[in-house]
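In what follows, a structure is listed as structure tokens, so that the remarks can point back to it.
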Amino acid sequence: MSEKQVILTPEGLKKLEEELETLKSVKRREVAERIKVAIGYGDISENSEYEDAKNEQAFIEGRVITLEKMLRNARIINADEVDINTVSIGSTVTVEDMEFGDTVEYIIVGTAESDPMQNKISNESPVGKAILGKKKGTVVDVNVPAGVIQYKIVDIKK
């Protein structure tokens, strides 16, 4: 069974590589030191500092494995691959809510780097799925838990 491809922008790739490097070079050492200090307190069977440090160590190692797998299966989308005629991963898209007239600008990214607080939405999100492959001027229906929202694609940029 093949592993799922992770779609990233160059910025997303850099961010994941930096996180991995920090976990390997800084966080691992910090946790190892915490474990060493906690062991120095004596009986580890009732030592909450030791338990906390071991739990953090397990989290860090799990995240390292996840990041390494993501980077191994990464496909980088460069700006020159982004077509301004249709919405694709890497596009910056302005959409207008047909009911309220509000406009919002989204950057379409892969799941690994989606961040709704920065208007970076995944190609697998309801809005991302609905507008992917569509052209400027197209009206799309987006199925959301509250019902259906209609968006008009106003602009597509790199």
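The values are calculated or read from the model by the stated rules, or taken from the named source; none is laboratory data. Just so it is clear, the model here is predicted, and its values are computed rather than measured. Note: ideal-geometry Cβ built from the backbone for every residue, glycine included; neighbour counts use all protein chains shown.
Structure data summary
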| item | result |
| --- | --- |
| Only listed residue being in contact with an Asp or Glu (Cβ under 6 Å, 6 or more places away or on another chain) and closer than 30 Å to LEU20 by Cα, chosen from THR103, THR111 | THR111 |
| Test: residue in the range 21-33 that is touching a residue at least 40 places away in the same chain (Cβ under 8 Å), outside the structural domain of ILE108 (by TED's automatic domain parsing) and either assigned to a helix (DSSP H, G or I) or touching a Gly at 6+ places or on another chain (Cβ under 8 Å) (or both) | yes |
| Unmet requirement for GLY128, which otherwise passes all of (1) surrounded by 13 or more Cβ atoms within 10 Å (Cβ to Cβ); (2) part of a strand (DSSP E or B) | (2) |
| From GLU17, GLU3, residue being of a type in the set (Asp, Glu) and outside any helix (DSSP H, G or I) | GLU3 |
| Any chance GLY42 is more than 30 Å from LYS157 (Cα to Cα), free of Cβ contacts under 8 Å to residues at least 12 places away in the same chain, among the small types (Gly, Ala, Ser) and assigned to a loop (DSSP other than H, G, I, E, B) | yes |
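Listed here are the residues, each with its yes/no results for (1) closer than 17 Å to ARG29 by Cβ; (2) in a helix (DSSP H, G or I); (3) modelled with pLDDT under 95.
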residue: GLU56; (1), (2), (3): yes, yes, no
residue: GLU61; (1), (2), (3): yes, yes, no
residue: ILE65; (1), (2), (3): no, yes, no
residue: ARG75; (1), (2), (3): no, no, yes
residue: GLY90; (1), (2), (3): no, no, yes
